[in-house]
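Since the structure comes first, as structure tokens, the remarks are kept for the end.
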Amino acid sequence: MKILPIKIENLSYTIKDSEILKNINIFSDEKKITIIAGNNGSGKTTLLKFMHGLIEDPSNSISWGSNSIREIKEQQSMVFQTPILLNRTTFENILYVAKKKKVNKKHSVNKIIEKLNLESISNTDARYLSGGEKQKVAIAMSIIGNPTIIFLDEPTSQLDPVYKNEIESIISELSKDGTKIFMTSHDISQIKRIGEEIIFLDKGEIIFNGKLIEFLDQDISNVIKNYISYG
Amino acid sequence: MLSNILETAFHLIFTLNEDLIEIISLSLKVTISALVISVIISIPFGAFLVLYRNKLQSMVILISNTLMGMPPVVLGLIIYTLVSKRGIFGFLDILYTPSAMIVAQTLLITPIVVSLTYEEIYKKYKDYYLFLNSLNLSNFSKLKTLIYECRYALITVTLTGFGRASAEVGAVMIVGGNINHFTRVMTTAIAFETSKGSIELAVALGLILILISFMITLIIKSLRKIK
């Protein structure tokens, strides 16, 4: 199933008279890492949730290739800022998702555990994992069944530099293997390291949508200038 | 005098006195039957209420919470009027039988189990809401996952229901009639034996009830640690 280009046309979202997203238009046709950047409260996570389908889009403003969000649900997964794991072992957490996605269970789980170097914590209860380990398990859960799109909501914002680096490497690897990545971040150094396409939001509006080099080189707006210099 | 009573009570327990065993067996049979029926209804229902949040759900929870505080004798009275010869369920002919006592205990603990199940599963659903929805699961699948994830908490809820049912006296006295060798359970026997001055058997039964309560508390405490 062809999932690109993703097209968002005139998407707006208001909660109790407060405009969270204003007239969002996005066109992206490359399997690269797209970073949705912006300051706190700019609407990054809301936009990501709309793209994933966690927030329903009644106006059908979003399409993936010639498909609606509903049609591509099986091909996507999401990683949250605070990893959400079940009260089970690492292996059982990944197995749970494998069962739900109806993939070759034990074989796939073992392969992913090996790929992300999770062997040492495979039988550890999720409650006893560190923040970084939890996020790695959450990523392992998200890649089972080889989704074509992965959404990551600030996956490294609570991690130390070592885990941050490890998770960025995993994300880059996934992108190289052909997975389309959409990730929110407000960490400018991270955006520089792994970002390829940037969508920059300010107060619910897109004020930049383009390549990383253009984002860093052009003097687009004071908001972006400040964001880059203070980040 | 107290030492004599206690000595006789322990004697009754350790010699496995026939009357004592019969009363304990019936008590456990009635309470466990009521508990099983209640849990089968209440746990899926409590979880269902979490997933299908609407106005009806708020009303059901409100009713359930109100029924939690209903005096057992009032409930016993209501059941009595329903299952007595002139009641709408009179044709069932269950008044003054263990079946009527099971009905009373089931109705007594169901609101408790529904409300506590709802609370536990609602807490868990708030934690897992994004995760479960991101997997595009059916509501049935979410329900199964939530019940499994709350398993220890739900055992605690079940034990709370058991404790409540086994300690109940008013409703089972009204609908069971406290008939010797037929509907006499621990709580009604304690009330009856004490009133006629035969305190030894009442003390022995009281000790057993305290032991059951202690064991339930111990299990709940251990489960809380696991949780």
For B:Asp19, A:Asp153, what ranking results if the residue with the fewest other Cβ atoms within 10 Å of its Cβ goes first?
B:Asp19, A:Asp153
Longest principal axis of chain B (C-alpha) makes with the long axis of helix B:72-83 (C-alpha) an angle, in degrees to the nearest 10, of 90 degrees
Amide H of A:Glu205: which non-local residues (sequence gap of 5 or more, or other chain) have their own amide H closer than 5 Å, using H built in the peptide plane?
A:Lys22
In degrees, nearest 10, range 0 to 90: what is the angle between the Cα axis of helix A:90-100 and the longest Cα principal axis of chain A?
70 degrees
The exposure ranking of B:Glu7, A:Glu92, B:Glu193, fewest beta-carbon neighbours within 10 Å first, is B:Glu7, A:Glu92, B:Glu193
Between 0 and 90 degrees, rounded to the nearest ten: what's the tilt of helix B:186-195 against the longest Cα principal axis of chain B?
30 degrees
Rg/Rh for the protein assembly as shown, where both radii come from Cα atoms and Rh is the Kirkwood radius
1.15
Per-residue HN-Hα couplings for segment B:172-179 [Karplus 6.51, -1.76, 1.60; θ = phi - 60°; Hz; x = Gly/Pro]
5, 5, 5, 8, x, x, 6, 7
Checked against a 24 Å limit on the C-alpha separation, the offending pairs among A:Lys105/B:Lys123; A:Lys105/A:Lys136; A:Lys136/A:Lys192; A:Lys2/A:Lys111; A:Lys16/A:Lys44 are A:Lys105/B:Lys123; A:Lys2/A:Lys111
Let me know the mean shielding of B:134-147 by other chains, meaning the per-residue number of their Cβ atoms within 10 Å of its Cβ.
3
Rounded to two decimals, what is Rg over Rh for chain B when you use alpha-carbon atoms and the Kirkwood radius?
1.05
Dipole size in debye (nearest 20) for the protein assembly as shown around its Cα centre, Lys and Arg Cβ +1, Asp and Glu Cβ -1?
640 debye
By average Cβ neighbour count within 10 Å, what is the ranking of B:155-163, B:129-137 from highest down?
B:155-163, B:129-137
Just want the ordering: B:Ile63, A:Ile62, B:Ile174, from fewest to most Cβ atoms lying within 10 Å of their own Cβ.
B:Ile63, A:Ile62, B:Ile174
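The numbers here are math on the coordinates, done by the rules we state, and not lab data. Being a predicted model, the structure only gives us computed values, none of them experimental. Every residue, glycine among them, receives a Cβ derived from its backbone with ideal geometry; neighbour counts consider all protein chains shown.
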